[in-house]
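For reference, the structure discussed in these notes is given below.
The values are calculated or read from the model by the stated rules, or taken from the named source; none is laboratory data. Computed from a prediction, not measured in an experiment: that's the story for all the values here. Neighbour counts are summed over all protein chains in view; Cβ atoms, including those assigned to glycine, are modelled from backbone coordinates with ideal geometry. Please note that ligands, DNA and RNA were not included when accessible areas were found on the heavy atoms of the full protein model with its side chains. Shrake-Rupley method; radii C 1.70, N 1.55, O 1.52, S 1.80 Å.
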Amino acid sequence: EGIGFISEEFELGPREIASLAYHDIFDYPLNLGELIKWQAGKKFALRQEKLAINKGGFYFLQGREGVVLKRLLRERISSRKFEIARKIGQILKFIPTIKMLAVTGALAMSNASDSSDIDLLVISKKGTLWATRLATLLFLDLIGIPRRKYGEREQTDKLCFNIWLDETSLAWNKKDRNVYTAHEICQIIPLVDKEDTYQKFLYINSWVKDFWPNATKIEKIEEKKESLGFLAKALFGLFSFFEPVARFFQYRHMKGRKTRETVTQKKALFHPTDWWVV
């Protein structure tokens, strides 16, 4: 409803202008609260020559009025897609070795287009990443949940598990720490979060505050000895037992298809341009 408001020019500070310029890459104007949340940090190259406009409660760069309507339309689209993701979380939380499942990418910012997929991050229990991945994907195929597979062009509303991390390998490589990756980490929305894994992930990657100091609250979580019941121990033992086999067959399946993906024993990053330098 606010699109019809009169535009006003504002002289924001260099850190706010830098944030607007960054989010403009994604056609994403900011409201006042978001300007504070996404204020640029000390590692930004700051420039003041751009002029900010306030229209209907949204701030954007001069000449970019159209991004307000685009954002409002994408928020409606994202609401529908996020409901799909939420339901998937309710299903996958029963896989015992999934410690965290989170929405990433454009959907996490409610900025998804109609044709986009649903990007997800999974953190698995220690030593079970590849068994967890295999069990998760096979289970989704079995119950008929559409997911994006290698080489597929049609991606609308399909699940895309593009980041898999072992709980002992959560820190981002120093060479890949940049403004874009920091934003992606700050914007993720957990769907499943067992034993404060989300906060552990943020704490280990607290370098993100160099780029976005206000974007997320980071707290140190006290390590507690995990208490497992008989069934949980048995299932964990089963996943651990099959981990080498699951890793071998998935490595073999990926052989010859890899481009810039990062695939190790404790980390699998697919579609790496999503999390690397813009």
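Check every one of the helices (runs of 4 or more DSSP H) wholly within the range 167-264 and list those with 2 or more residues that are open to solvent by 50 Å² or more (accessible area, probe 1.4 Å).
In the range 167-264, 197-204, 230-254 are the helices (runs of 4 or more DSSP H) which contain 2 or more residues that are open to solvent by 50 Å² or more (accessible area, probe 1.4 Å).
Does residue 158 satisfy the condition of being open to solvent by 10 Å² or more (accessible area, probe 1.4 Å), more than 27 Å from residue 204 (Cα to Cα), in contact with a Lys or Arg (Cβ under 7 Å, 6 or more places away or on another chain) and among the basic types (Lys, Arg)?
yes
Among strands (runs of 3 or more DSSP E) lying entirely in the range 52-122, which contain 3 or more residues that are touching a residue at least 40 places away in the same chain (Cβ under 8 Å), buried (at least 23 other Cβ atoms within 10 Å of the Cβ) and of a type in the set (A, V, I, L, M)?
Filter on the range 52-122 gives 98-103.
Quick one: count up the residues across the range 17-51 that are open to solvent by less than 40 Å² (accessible area, probe 1.4 Å) and not in a loop (DSSP other than H, G, I, E, B).
Qualifying residue count for the region: 11.
Give me the pairs: first residue in the range 184-200 and in contact (Cβ under 8 Å) with a residue 60 or more places away in the chain, second residue hydroxyl-bearing (Ser, Thr, Tyr) and not in a helix (DSSP H, G or I), beta-carbon distance under 7 Å, and six or more apart or on different chains, which are they?
184/104; 188/104
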